[in-house]
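Engineer: Once you've had a glance at the structure underneath, I'll fire off some questions.
The values are calculated or read from the model by the stated rules, or taken from the named source; none is laboratory data. A quick note: this is a predicted structure, and the numbers were derived from the prediction, not measured. No Cβ is skipped: glycine too gets one built from the backbone with ideal geometry, and neighbour counts run over all protein chains shown. Ligands, DNA and RNA are stripped out before the accessible areas are found, and what is left, the full protein with its side chains, is counted by its heavy atoms. Shrake-Rupley method; radii C 1.70, N 1.55, O 1.52, S 1.80 Å.
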Amino acid sequence: MAVPFMYSYRSLWTRRLTTALTAVGMALVVFVFAAIAMLAEGLEKTLVETGSAENVAIVRKGAVSEVQSGISRDQAAILETWPGVATGRDGRLLAAKELVVLISLSKRGTDKPSHVVIRGVSPVSLVLKPQVRLTEGRMPRPGTNEIMAGSSVSRRFEGAGLGETIRFAMRDWKVVGLFDAGSTGFSSEIWGDVDTLMQAFRRPVYSIVIFRMSDQGSFQQIKNGIENDPRLTVEAKRETVFYADQSKALSTFLRVLGTSLTLIFSLGAVIGAMITMYSAVANRVSEIGTLRALGFARASILSAFLLESLFIGVVGGALGLVMASFLQFLTISTMNFQTFAELAFSFTLTFRIAAQSLVVALVMGLAGGLLPAVKASRMNIVDALRTG
Amino acid sequence: MAEPFVKIRNLSKSYWRGGRQVPVLAGIDIDVAEGEFLALMGPSGSGKSTLLNLMAGIDNADTGTIEIGGVEITSLTEAELTAWRSDNVGFIFQFYNLVPVLTALENVELPLVLQGLSRKERKERAAFFLGLVNLSERTDHYPGQLSGGEQQRVAIARAMVTDPLLLVADEPTGDLDRRSAEEVLELMEKLNREFKKVIVMVTHDPKSAERAHVIRHLEKGYLNAAP
Ligand SMILES: Nc1ncnc2c1ncn2[C@@H]1O[C@H](COP(=O)(O)OP(=O)(O)O)[C@@H](O)[C@H]1O
Ligand SMILES: [Mg+2]
């Protein structure tokens, strides 16, 4: 039979200061763990949602990002009319040739320049990217120096507000529209007409060709056809996969970092818990002897003390999670390592991260409490009772 | 003659100290009759506590047998002995040994957790025994808020609550003033008289020992001849 839970709980309450300090130590570890996991999650979510599963993204063979890619005009023309491309309601093929260029812009309030993606699009691009909605103003007209800015770009960059102008490619560009693309990477981009931008940047080639498949199930067949065509030097991916792959390096790095930091910090928290629990055991030797004399088994003593340290773990885990959950209100902008462009995303707390964080906390509680609890349970009754 | 309640034969126990074996009890034979109140006396270090602990099943003998209420406890496994203690022995310690984080009532209730009673039954039983030791008003007090005499009475209620066959008391008045000691001793006499508990009490106070029916003297691990 177990020692009543009340006993463990009140014992913790009696030494609430050390209990709290120990729990805070664990909370910090859980905070670090959860924060980094939330960062990786937010990054992945943003980049995965940037694509649509029914779209095929085609870039030059071996190009990891759109910026590194180049597709010549004649290859693009072949791809645009590839069999299996869906047609829109107006009968147009749902395929877009896009240009992606990085420019340097100053952030609002600072002179610090940062890279921003400029995407040259055609009207079909908006059909292919239903996440993108014009929120203010209008679409840029082809043949003019007009652009539209994504919501997070217009907020954070100098000159990117509606009606303002930005200078790049030796011209001034007027922001005539603002668009929102939710939490996707497109919100961190500036869009203009593709042909106008190619002229301005003197680029002879497109960066990416995107088209909607008329039949999603035909992806593998389309991919094989494109990649085996001797006229083409490109590779095809589902658009979702294409953008998710861009986040892989960074999110993997974050996960490794998170795990290593958690391991290092948790060592400290576990030692803290161990010290706390050893002193709890040392202070209650005769109490342990009494409980054993009254008929509580060794296993009951073991679980009573384990319960105490697990409880500290739960408190620490909950506290750490609460602290980490506030991070959700932050939007982080970071370099996308593949494109070196600014990418805005948020810490994302998922049920899985919360559960993993609590497991981390419980494991710390268990690791810190196990040896002291074993020591308590191993005591000889008579020796324990003789201890004042 | 009726079988004795406690029957101890040829009981020996020694401790190891600095690589040397130190005999504490050397071939003890002792009987405690049904309904008896026995006082164990003797100088400090003579092995009184050791003998009491062996009878209470919290220590292991080197040789010899202890039979209590027909059960030979010297041949029980540790788990069996633990269960046997919770059913059959009530402990009264010199320093009360109440759990400081539990209230008087919760302390008395504690041994009942092992008896598989419902919460309500436990509370009722514990309250009854707290009343028996005249501490009904102290139900929600913590040990730290009680006097030594009161704490010892709570401990007696805790020892009685499972209705054990045997009460063991190691210097139960050793830490109490005269008045509290008298109260505790009167209570123990009452438990022996009215509840027919077999009591074995270690004491080195002759006045306390007078309350017992039988007094046995331990001397360097040997029992002096019975009176
Ligand atoms: N756990 C132990 N380890 C070593 N020696 C012990 C232990 N318990 C008791 N002793 C020794 O055994 C002897 C008898 O102790 P005890 O039974 O406590 O005597 P009493 O209660 O009569 O004062 C003493 O010499 C004591 O030091
Ligand atoms: Mg003693």
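Engineer: Please tell me if A:LEU47 is assigned to a helix (DSSP H, G or I) and open to solvent by less than 50 Å² (accessible area, probe 1.4 Å). Don't jump to the end; show me each part of the working.
Structural biologist: Values: assigned to a helix (DSSP H, G or I): yes; open to solvent by less than 50 Å² (accessible area, probe 1.4 Å): yes.
Spelling it out, A:LEU47 is indeed assigned to a helix (DSSP H, G or I) and open to solvent by less than 50 Å² (accessible area, probe 1.4 Å).
Engineer: Hey, another quick one. Out of the residues in the stretch A:363-379 that are open to solvent by 70 Å² or more (accessible area, probe 1.4 Å) and under 29 Å from A:THR290 (Cα atoms), which is farthest from ligand 1 (Cβ to nearest atom)? Walk me through how you get there before you give the answer.
Structural biologist: Narrowing the stretch A:363-379 to residues open to solvent by 70 Å² or more (accessible area, probe 1.4 Å): A:363, A:366, A:370-371, A:375, A:378.
Next cut, under 29 Å from A:THR290 (Cα atoms) only: A:366, A:370-371, A:375, A:378.
Details: A:LEU366: 32, A:LEU370: 27, A:LEU371: 23, A:LYS375: 17, A:ARG378: 15 Å.
In this case the residue turns out to be A:LEU366.
Engineer: May I ask you to say which residue of B:GLU67, B:GLU80 is more than 8 Å from chain A (Cβ to nearest Cβ), without any contact (Cβ under 8 Å) to a residue 12 or more places away in the chain and open to solvent by 20 Å² or more (accessible area, probe 1.4 Å)? Please lay out each step first, then the result.
Structural biologist: Numbers: B:GLU67 fails: without any contact (Cβ under 8 Å) to a residue 12 or more places away in the chain.
Sole residue among the options that is more than 8 Å from chain A (Cβ to nearest Cβ), without any contact (Cβ under 8 Å) to a residue 12 or more places away in the chain and open to solvent by 20 Å² or more (accessible area, probe 1.4 Å): B:GLU80.
Engineer: Please count how many residues of the stretch A:285-295 are more than 7 Å from every other protein chain (Cβ to nearest Cβ) and open to solvent by less than 20 Å² (accessible area, probe 1.4 Å). Quick ask: steps written out before the conclusion?
Structural biologist: From the stretch A:285-295, those more than 7 Å from every other protein chain (Cβ to nearest Cβ) are A:285, A:288-289, A:291-292; that's our starting set.
So of that shortlist, the ones also open to solvent by less than 20 Å² (accessible area, probe 1.4 Å) come out as A:288-289, A:291-292.
Qualifying residue count for the region: 4.
Engineer: Go through the stretch B:52-64 and count every residue that is within 13 Å of chain A (Cβ to nearest Cβ) and either farther than 14 Å from B:LEU167 by Cα or more than 16 Å from ligand 1 (Cβ to nearest atom) (or both).
Structural biologist: From the stretch B:52-64, those within 13 Å of chain A (Cβ to nearest Cβ) are B:52-61; that's our starting set.
Narrowing the set further to residues that are either farther than 14 Å from B:LEU167 by Cα or more than 16 Å from ligand 1 (Cβ to nearest atom) (or both) leaves B:59-61.
Number of matching residues: 3.
Engineer: Could I ask something else about it? When the residues of the stretch A:1-33 are narrowed to those that are hydrophobic (A, V, I, L, M, F, W, C) and not in a helix (DSSP H, G or I), which ends up farthest from B:THR103 (Cα to Cα)?
Structural biologist: Here is the first cut: in the stretch A:1-33, the ones hydrophobic (A, V, I, L, M, F, W, C) are A:1-3, A:5-6, A:12-13, A:17, A:20-21, A:23-24, A:26-33.
After this cut, where a residue has to be not in a helix (DSSP H, G or I) as well, the list is A:1-3.
Numbers: A:MET1: 20, A:ALA2: 18, A:VAL3: 15 Å.
Checked the stretch A:1-33; the qualifying residue farthest from B:THR103 (Cα to Cα) is A:MET1.
Engineer: Count, please, the residues in the stretch A:191-223 that happen to be of a type outside the set (Ser, Thr, Tyr) and in a helix (DSSP H, G or I).
Structural biologist: First pass over the stretch A:191-223, keeping only residues of a type outside the set (Ser, Thr, Tyr): A:191-195, A:197-205, A:208-213, A:215-217, A:219-223.
Now drop any that are not in a helix (DSSP H, G or I), which leaves A:194-195, A:197-201, A:216-217, A:219-223.
Summing the residues that are of a type outside the set (Ser, Thr, Tyr) and in a helix (DSSP H, G or I) in the stretch A:191-223 gives 14.
Engineer: I'd like the full set of residues that are aliphatic (A, V, I, L, M) and out of contact with any strand residue (DSSP E or B) (no Cβ under 6 Å at 6 or more places or on another chain), limited to the stretch A:223-245.
Structural biologist: Looking only at the stretch A:223-245, we keep the residues that are aliphatic (A, V, I, L, M), and these are A:226, A:232, A:234, A:236, A:241, A:244.
Across the stretch A:223-245, the qualifying residues are A:LEU232, A:VAL241, A:ALA244.
Engineer: For B:GLY57, are the conditions met, namely being open to solvent by less than 30 Å² (accessible area, probe 1.4 Å) and touching a residue at least 12 places away in the same chain (Cβ under 8 Å)? Break it down into steps so the answer makes sense when it comes.
Structural biologist: Values: open to solvent by less than 30 Å² (accessible area, probe 1.4 Å): yes; touching a residue at least 12 places away in the same chain (Cβ under 8 Å): yes.
Yes: the conditions hold for B:GLY57.
Engineer: Shifting gears a bit: What strands (runs of 3 or more DSSP E), lying completely within the stretch A:113-189, carry at least 3 residues that are buried (at least 18 other Cβ atoms within 10 Å of the Cβ)? Let's see the steps before the verdict.
Structural biologist: Numbers: elements: A:113-121, A:133-137, A:146-150, A:165-168, A:171-180.
Correct list: A:113-121, A:146-150, A:171-180.
Engineer: Which residue pairs have Cβ atoms closer than 9 Å, lie 6 or more positions apart in sequence or on different chains, and pair a first residue in the stretch A:23-41 that is in contact (Cβ under 8 Å) with a residue 40 or more places away in the chain with a second residue that is among the basic types (Lys, Arg)?
Structural biologist: Going by the 9 Å Cβ cut-off, the qualifying pairs are A:ILE36/A:ARG255; A:ALA37/A:ARG255; A:ALA37/A:ARG352; A:ALA40/A:ARG255; A:GLU41/A:ARG352.
Engineer: Is it the case that B:VAL108 is at pLDDT below 95 and within 12 Å of another protein chain (Cβ to nearest Cβ)? Outline the logic, then answer.
Structural biologist: Values: at pLDDT below 95: no; within 12 Å of another protein chain (Cβ to nearest Cβ): yes.
Taking the combined requirement at face value, the residue does not satisfy it.
Engineer: Kindly indicate the residue of the stretch A:224-272 that is charged (D, E, K, R) and part of a loop (DSSP other than H, G, I, E, B) and also farthest from A:GLY313 (Cα to Cα) among those meeting that condition. Working first, answer last.
Structural biologist: Of all residues in the stretch A:224-272, those charged (D, E, K, R) come to A:227, A:229, A:231, A:235, A:237-239, A:245, A:248, A:255.
If we keep only those that are part of a loop (DSSP other than H, G, I, E, B) too, we end up with A:229, A:231.
Numbers: A:ASP229: 59, A:ARG231: 62 Å.
The extreme case among them is A:ARG231.
Engineer: For the stretch A:329-344, give me the residue count where each residue is within 11 Å of the chain's Cα centre (by Cα) and either modelled with pLDDT of 75 or more or of a type in the set (Gly, Ala, Ser) (or both).
Structural biologist: The qualifying residues number 1.
Engineer: While we're here: Does at least one position in the stretch B:12-30 carry a residue that is outside any strand (DSSP E or B) and either touching a Cys at 6+ places or on another chain (Cβ under 9 Å) or within 16 Å of ligand 1 (Cβ to nearest atom) (or both)? Walk me through it before giving the result.
Structural biologist: Kept after step one, since they are outside any strand (DSSP E or B), are these residues of the stretch B:12-30: B:18-19.
Of the ones still in play, those that are also either touching a Cys at 6+ places or on another chain (Cβ under 9 Å) or within 16 Å of ligand 1 (Cβ to nearest atom) (or both) are B:18-19.
Yes, the stretch B:12-30 contains at least one residue that is outside any strand (DSSP E or B) and either touching a Cys at 6+ places or on another chain (Cβ under 9 Å) or within 16 Å of ligand 1 (Cβ to nearest atom) (or both).
Engineer: Could you check the stretch B:114-227 for helices (runs of 4 or more DSSP H) lying wholly inside it with 2 or more residues that are in contact (Cβ under 8 Å) with a residue 24 or more places away in the chain and over 17 Å from B:LEU98 (Cα atoms)?
Structural biologist: On the way: elements: B:119-132, B:148-160, B:178-194, B:206-209.
Helices (runs of 4 or more DSSP H) meeting the threshold: B:119-132, B:178-194, B:206-209.
Engineer: Among A:VAL3, A:VAL29, which is the only one that is of a type in the set (Val, Ile, Thr), open to solvent by less than 40 Å² (accessible area, probe 1.4 Å) and within 14 Å of chain B (Cβ to nearest Cβ)?
Structural biologist: After ruling out the rest, the residue left standing is A:VAL3.
Engineer: Is there a residue being under 18 Å from the mean Cα position of the chain (by Cα) and surrounded by fewer than 18 Cβ atoms within 10 Å (Cβ to Cβ) anywhere in the stretch B:116-123? Even if it seems obvious, please write down each step before you answer.
Structural biologist: Here is the first cut: in the stretch B:116-123, the residues under 18 Å from the mean Cα position of the chain (by Cα) are none.
No, every residue in the stretch B:116-123 fails to be under 18 Å from the mean Cα position of the chain (by Cα) and surrounded by fewer than 18 Cβ atoms within 10 Å (Cβ to Cβ).
Engineer: Could you please find all residues in the stretch B:173-227 being away from chain A (no Cβ under 14 Å), within 16 Å of ligand 1 (Cβ to nearest atom) and open to solvent by less than 20 Å² (accessible area, probe 1.4 Å)?
Structural biologist: Those that are away from chain A (no Cβ under 14 Å), within 16 Å of ligand 1 (Cβ to nearest atom) and open to solvent by less than 20 Å² (accessible area, probe 1.4 Å): B:THR173, B:VAL200, B:MET201, B:THR203, B:SER208, B:ALA209, B:LEU218, B:GLY221.
Engineer: Specify which of the listed residues (B:LEU81, B:LEU51, B:LEU25) is more than 16 Å from ligand 2 (Cβ to nearest atom), at pLDDT 90 or above and within 30 Å of B:LEU187 (Cβ to Cβ). Lay out the reasoning, then the answer.
Structural biologist: Details: B:LEU51 fails: more than 16 Å from ligand 2 (Cβ to nearest atom); B:LEU25 fails: more than 16 Å from ligand 2 (Cβ to nearest atom).
Just one listed residue meets the conditions, B:LEU81.
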